[in-house]
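K.L.:
I have a structure here, written as structure tokens, and I will follow up with some questions on it.
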There are 4 protein chains.
Amino acid sequence: MQNLTKQQKILKAATKIFSEKGFHQAKMDEIANVAKVAKGTLYYNYSSKSKLFAATVTDGMKKIMQTISKELESDLPFLDHFRLLLSSSIRLYLKHSEVTKIYVNELSSGLDPETLTEIKQIRNQFIDFVTNILQTGQERGYLKPLNQHLSATALIGIIESLCNNQVNETDDHSMEEIIETIFAILSTGLLNPVKVQF
Amino acid sequence: MQNLTKQQKILKAATKIFSEKGFHQAKMDEIANVAKVAKGTLYYNYSSKSKLFAATVTDGMKKIMQTISKELESDLPFLDHFRLLLSSSIRLYLKHSEVTKIYVNELSSGLDPETLTEIKQIRNQFIDFVTNILQTGQERGYLKPLNQHLSATALIGIIESLCNNQVNETDDHSMEEIIETIFAILSTGLLNPVKVQF
Amino acid sequence: MQNLTKQQKILKAATKIFSEKGFHQAKMDEIANVAKVAKGTLYYNYSSKSKLFAATVTDGMKKIMQTISKELESDLPFLDHFRLLLSSSIRLYLKHSEVTKIYVNELSSGLDPETLTEIKQIRNQFIDFVTNILQTGQERGYLKPLNQHLSATALIGIIESLCNNQVNETDDHSMEEIIETIFAILSTGLLNPVKVQF
Amino acid sequence: MQNLTKQQKILKAATKIFSEKGFHQAKMDEIANVAKVAKGTLYYNYSSKSKLFAATVTDGMKKIMQTISKELESDLPFLDHFRLLLSSSIRLYLKHSEVTKIYVNELSSGLDPETLTEIKQIRNQFIDFVTNILQTGQERGYLKPLNQHLSATALIGIIESLCNNQVNETDDHSMEEIIETIFAILSTGLLNPVKVQF
DNA sequence: CATGAATGAGAATTCATTCAT
DNA sequence: TATGAATGAATTCTCATTCAT
């Protein structure tokens with residue numbers, strides 16, 4: 001912990017506070033206290049609260065995408081690949097709920113346009129990242145020819161909604177149960193194929 | 001417009017401003033201006049900004065649920081019922097994006113606990129509302145025996161995620177396209193049944 | 001209780017609230033509630049909060065002076081008279097601590113000059129009232145030829161100080177003890193005549 | 001004046017304004033103006049108006065007690081000691097009437113409980129301080145065996161009442177006259193020993 | 001590079017007072 | 001006479017940002 005650079009200490013503290021309190025409720029004073037630096041040092045490294053926030057989100061999401069990418073570097077059959085994508089996403093979402101919660105919940109919280117754009121970019125990178133995986137599956141014939149971008153957004157929406165509930169409400173569903181439900185819905189849908197004739 | 005009660009005028013203005021700016025960025029001054037009442041009148045009717053916010057969300061969600069309920073009072077076959085649930089939800093979600101956006105995005109924005117609880121209650125009512133519909137479908141054999149609560153949460157998550165994107169990003173997807181994608185995913189999933197053998 | 005006039009109901013409620021909260025902490029809303037009249041009625045009867053406050057104090061002090069006067073209408077020897085004055089004052093002070101506390105504590109609380117003058121007048125009437133009694137005693141040779149006005153002010157100061165402490169701090173001194181101490185101090189002083197040679 | 005610390009400048013300005021206007025009528029804006037600091041600086045140094053008020057009173061009373069203590073560090077006979085206590089108290093009371101007035105008059109003005117307790121403590125310290133002096137006199141046989149705490153309270157009450165009157169009313173009594181009257185009353189009482197036989 | 005005291009624009013909230021009914 | 005919804009001026013307190021050291 002002692003050998004973190006000041007920037008890293010600040011980013012770590014900011015992540016903690018922003019995710020606990022949200023953008024507007026987080027105070028620069030508290031971030032400085034937690035990071036054990038003077039308030040001026042925050043401004044020395046990041047020109048404004050907005051910039052610090054954007055840095056926090058970008059940093060966190062990049063780490064998540066890198067981790068998922070690494071985990072997907074394998075020759076698994078697509079279906080296993082797909083399941084792995086889901087379980088990795090969920091696991092990382094819950095692990096980093098601090099970051100993901102921010103970028104889900106704070107988009108409308110009055111950030112300045114420049115910062116907002118920065119954060120939307122990183123969100124879109126995540127959607128593109130998922131879109132690519134879906135595209136591969138579709139090209140190989142595993143997935144229906146649905147709009148990939150919408151599908152990716154839907155997929156992320158499911159994950160966010162369930163994980164958010166898990167985080168906010170302390171629902172009593174296990175992570176396994178959540179993964180299985182999401183996988184079931186996304187793979188073959190809610191409808192019972194035996195009963196429903198197409 | 002002139003024959004709205006003052007409470008209604010306030011609620012209408014508050015809905016507009018809260019959804020445009022989010023909770024913390026919305027200013028009581030501006031709400032008062034838009035409602036064309038004095039700032040004191042806001043406080044005469046709602047004891048605090050938080051209470052006004054909660055009233056706004058509760059009011060909006062109740063209207064949405066009432067509308068969906070009414071639209072579902074029919075003898076359609078379940079599948080049509082299900083499709084109607086989706087399209088109604090989506091249509092209303094987009095129509096009332098002002099309200100839905102706030103209740104999705106502001107849960108972590110530092111509301112006082114009491115108000116937070118009030119808003120979570122109305123969200124849970126919506127989840128319960130969807131859960132009930134899914135339960136019916138399941139009892140009649142149309143839906144797989146998945147956990148209904150998780151399924152309902154997932155369903156709402158998909159809707160929120162796609163609609164939020166639609167609202168925030170002005171994606172170029174039509175409402176029809178969104179409805180079809182959601183319906184496809186939720187009914188038979190993403191996987192291609194021809195290729196994937198179970 | 002039902003056959004009080006509205007003015008009386010208001011005065012009673014105002015006395016209660018002013019004495020419990022002080023002038024600035026007392027709210028017209030609360031006084032109206034306690035009096036069970038509409039807020040407008042307060043203003044119909046008293047043109048401002050200050051005026052209502054002055055009416056409250058004046059009314060209360062007049063009642064106290066009338067009562068003491070009546071109790072002193074007797075042919076007791078002066079010393080008994082003096083003791084009676086003290087015990088009556090203390091008893092009434094404690095009984096009406098609601099009123100007396102106000103006029104002691106609120107003189108500097110930012111009342112408008114006109115109202116302030118009105119309240120000072122009634123305080124001075126009380127001092128004059130006591131001054132008169134002291135004058136009688138002095139004329140008859142019972143009291144030392146001290147400045148009567150200063151003596152009266154001192155006497156009232158002792159009573160106020162001890163009674164205030166009694167009211168505020170719930171000191172564990174009985175009313176008897178307080179009366180005896182005051183009487184002792186005021187009659188023959190603190191000094192021990194045996195030891196001190198004049 | 002220029003080499004006062006900012007805290008001292010604030011305390012000085014606060015003392016002035018609080019005593020002129022009382023707690024509720026004093027405005028933080030005005031205190032900041034008088035102290036020639038920004039309003040935020042007030043809050044940077046004292047977390048609330050109440051805290052600033054308490055600091056003002058505590059600071060002032062401590063200075064008064066220190067001064068009296070120093071003046072009483074002498075080998076005077078008790079009677080002179082006693083007279084010195086009175087004259088010092090009165091002189092300081094009048095000199096610091098700014099402070100003493102507030103702590104006498106604002107106890108019921110709706111301060112928050114914590115602050116109220118803080119101020120009552122310092123008042124009790126002053127009573128204890130006087131009680132100690134009376135105790136010494138009593139042990140040495142100079143004073144009657146009256147309850148010391150009540151006596152001290154009475155003594156302070158006399159001083160406060162007369163000085164308050166002096167300050168508020170600009171009575172035309174000289175300080176000498178006030179000291180002599182108080183000394184006379186407290187030493188041998190109001191009663192004329194020649195006439196009254198015990 | 002780092003600090004933290006100082007700043008002041010900005011916001012929520014209060015409440016005496018008014019006035020249409 | 002009586003009412004109470006409506007008002008808006010006034011005030012406390014917050015907190016991102018700056019800058020002298």
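K.L.:
Given (1) in contact with a helix residue (DSSP H, G or I) (Cβ under 8 Å, 6 or more places away or on another chain); (2) modelled with pLDDT of 80 or more; (3) within 13 Å of chain C (Cβ to nearest Cβ), identify the lone condition not met by D:Ser108.
P.N.:
(2) is the only condition that D:Ser108 fails.
K.L.:
Quick one: is B:Ile182 more than 8 Å from every other protein chain (Cβ to nearest Cβ), surrounded by 19 or more Cβ atoms within 10 Å (Cβ to Cβ) and at pLDDT 80 or above?
P.N.:
no
K.L.:
Of the conditions (1) more than 7 Å from chain C (Cβ to nearest Cβ); (2) more than 19 Å from the chain's Cα centre (by Cα); (3) modelled with pLDDT of 75 or more, D:Asp171 fails just one. Which one is it?
P.N.:
All conditions pass for D:Asp171, except number (3).
K.L.:
Considering only region A:43-60, how many residues are within 25 Å of the chain's Cα centre (by Cα), within 7 Å of DNA strand F (Cβ to nearest atom) and not polar (S, T, N, Q)?
P.N.:
Of the residues in that region, 1 qualify.
K.L.:
Please count how many residues of region C:7-23 are in contact (Cβ under 8 Å) with a residue 60 or more places away in the chain and within 12 Å of DNA strand F (Cβ to nearest atom).
P.N.:
Just the residues of region C:7-23 that are in contact (Cβ under 8 Å) with a residue 60 or more places away in the chain, to begin with: C:15-16, C:18-20, C:22-23.
Adding the requirement that they be within 12 Å of DNA strand F (Cβ to nearest atom) leaves none.
The qualifying residues number 0.
K.L.:
For region B:1-80, which helices (runs of 4 or more DSSP H) that fit wholly inside it have 2 or more residues that are within 16 Å of DNA strand E (Cβ to nearest atom) and surrounded by fewer than 17 Cβ atoms within 10 Å (Cβ to Cβ)?
P.N.:
Result: B:6-21, B:28-35, B:39-45.
K.L.:
Hey, could you check region A:111-140 for residues that are of a type in the set (Lys, Arg) and part of a helix (DSSP H, G or I) and say which is farthest from B:His24 (Cα to Cα)?
P.N.:
Filtering region A:111-140 down to residues of a type in the set (Lys, Arg) leaves A:120, A:123, A:140.
Checking which are part of a helix (DSSP H, G or I) leaves us with A:120, A:123.
Values: A:Lys120: 20, A:Arg123: 23 Å.
Per the stated criteria, the residue is A:Arg123.
K.L.:
Still on this structure, I have one more. Here is a check on your reading of the model: is A:Thr58 under 26 Å from A:Glu180 (Cα atoms), of a type outside the set (D, E, K, R), touching a helix residue (DSSP H, G or I) at 6+ places or on another chain (Cβ under 9 Å) and at pLDDT 85 or above?
P.N.:
no
K.L.:
Go through (1) outside any helix (DSSP H, G or I); (2) at the interface with chain C (Cβ under 8 Å from one of its Cβ atoms); (3) at pLDDT below 80 one by one and return the number of the condition D:Ser161 breaks.
P.N.:
(1)
K.L.:
Can you tell me which of A:Leu92, A:Leu79, A:Leu84 is more than 16 Å from DNA strand F (Cβ to nearest atom) and within 14 Å of another protein chain (Cβ to nearest Cβ)?
P.N.:
Step by step, each of A:Leu92, A:Leu79, A:Leu84 is checked, and only A:Leu79 is more than 16 Å from DNA strand F (Cβ to nearest atom) and within 14 Å of another protein chain (Cβ to nearest Cβ).
K.L.:
Please go through region A:24-57 and give me each residue that is touching a residue at least 40 places away in the same chain (Cβ under 8 Å), out of contact with any His (no Cβ under 8 Å at 6 or more places or on another chain) and within 13 Å of chain B (Cβ to nearest Cβ), ordered by number.
P.N.:
A:Ser50, the sole residue that qualifies.
The values are calculated or read from the model by the stated rules, or taken from the named source; none is laboratory data. Quick caveat: nothing in here was measured; it's all calculated off a predicted structure. Methodologically, a virtual Cβ is constructed for each residue, glycine included, from the backbone with ideal geometry; neighbour enumeration extends over all protein chains shown.
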